[in-house]
1. Extending each Cα 7 Å along its Cβ direction at ILE210 and LYS176, get the distance between those two points in nm, one decimal.
2. Give me the Debye-computed log₁₀ of I(q)/I(0) at q = 0.12, 0.22, 0.23 Å⁻¹ for the stretch 139-194, equal point scatterers on Cα only, no solvent, two decimals.
3. Probe radius 1.4 Å, ligands and nucleic acids left out: which of SER79, SER145 has the largest accessible area, and how do the rest follow?
4. If R₀ is 35 angstrom, what is the calculated FRET efficiency for the pair ASP133 and THR155, using the beta carbon separation as r and rounding to 0.05?
5. What FRET efficiency would be calculated for the residue pair SER106, LYS188, taking the C-beta separation as r and a Förster radius of 25 Å, to the nearest 0.05?
6. Tell me the accessible surface of ILE95 in square angstrom (1.4 angstrom probe, heavy atoms of protein chains only), to the nearest ten.
7. Can you work out D for the stretch 66-164 in µm² s⁻¹ from Stokes-Einstein, where Rh is the Kirkwood radius over C-alpha pairs, the temperature is 25 °C and the viscosity is 0.890 mPa s?
8. For the stretch 89-221, what's the radius of gyration and Dmax over Cα atoms, in angstrom?
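The values are calculated or read from the model by the stated rules, or taken from the named source; none is laboratory data. No experiment lies behind these values; they were computed from the predicted model shown. No Cβ is skipped: glycine too gets one built from the backbone with ideal geometry, and neighbour counts run over all protein chains shown. Remember, those area values only see protein heavy atoms, side chains included, never the ligands or the DNA or RNA. Shrake-Rupley method; radii C 1.70, N 1.55, O 1.52, S 1.80 Å.
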Amino acid sequence: MARKKAQETLERLYPKKPDPRYTPKTVKQAVNHIAGAKKPPKAKRATWEQKVHMSEAIAPLYTKPTTEVPPAIVGGKWSPEREEHLFAFLTQGGIIRVWLNMAGLSYNDIYHRRKKDPSFAARYDEARAVGMDALADEALLIASSPITCEEVAETELADGKRVVVRKRGDNTYARKLAFYARVELLKKWAPERYGDKISVDVTDKRAAGILAARRRLQGLD
């Protein structure tokens, strides 16, 4: 009843004319306002469900082993095959935590292995250094490759109808986050190669020579 009276009031105040301002949407909004329609509960009024397909798209390309981690020797934690698998994984820019989880090891195991075997430590450091170049290349790939994602927004209007809005586009924010995360880590891990600081070695001795000549002319030397 209230909505019917509101519609009559609206038609009396705003006679139907060929005016583009009186669209069905604006008419419905005016009717709801005159009828005093209450808004739905806050939980239902703006329920957002984001379905952004970016988890695998921006994940580091080499953080997951392409093959299973070889088993360790009986009664131990390592084996030659397992070590080679780790080094190959690190040279591809892999995250060590992912490999450790797959192998059932911890950072302490890596620490003790490096401390006990200098050759293992040397190969580990070499693999990490090569992996930094892989991360740098991956950062460039992320920066130049769009990531298409979909955002779905669902909300309920005052009249009980549900409206679904879908937006598709490049997830620039996610790409920036993935890019700068790699760049900042590279700056910390290898500042001499990827850092912003520039070291300048000044070996010019002309100032000292000028001072020495001045002292000689003054008879001080």
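1. Result: 4.8 nm between the two label points.
2. Rounded to two decimals, the profile gives -0.48, -0.84, -0.87.
3. Reading off the accessible areas and sorting them downward yields SER145, SER79.
4. Rounded to the nearest 0.05, the efficiency is 0.15.
5. So, using R0 = 25 Å, E works out to roughly 0.65.
6. The accessible area comes out at roughly 80 Å².
7. 148 µm²/s
8. 27.9, 101
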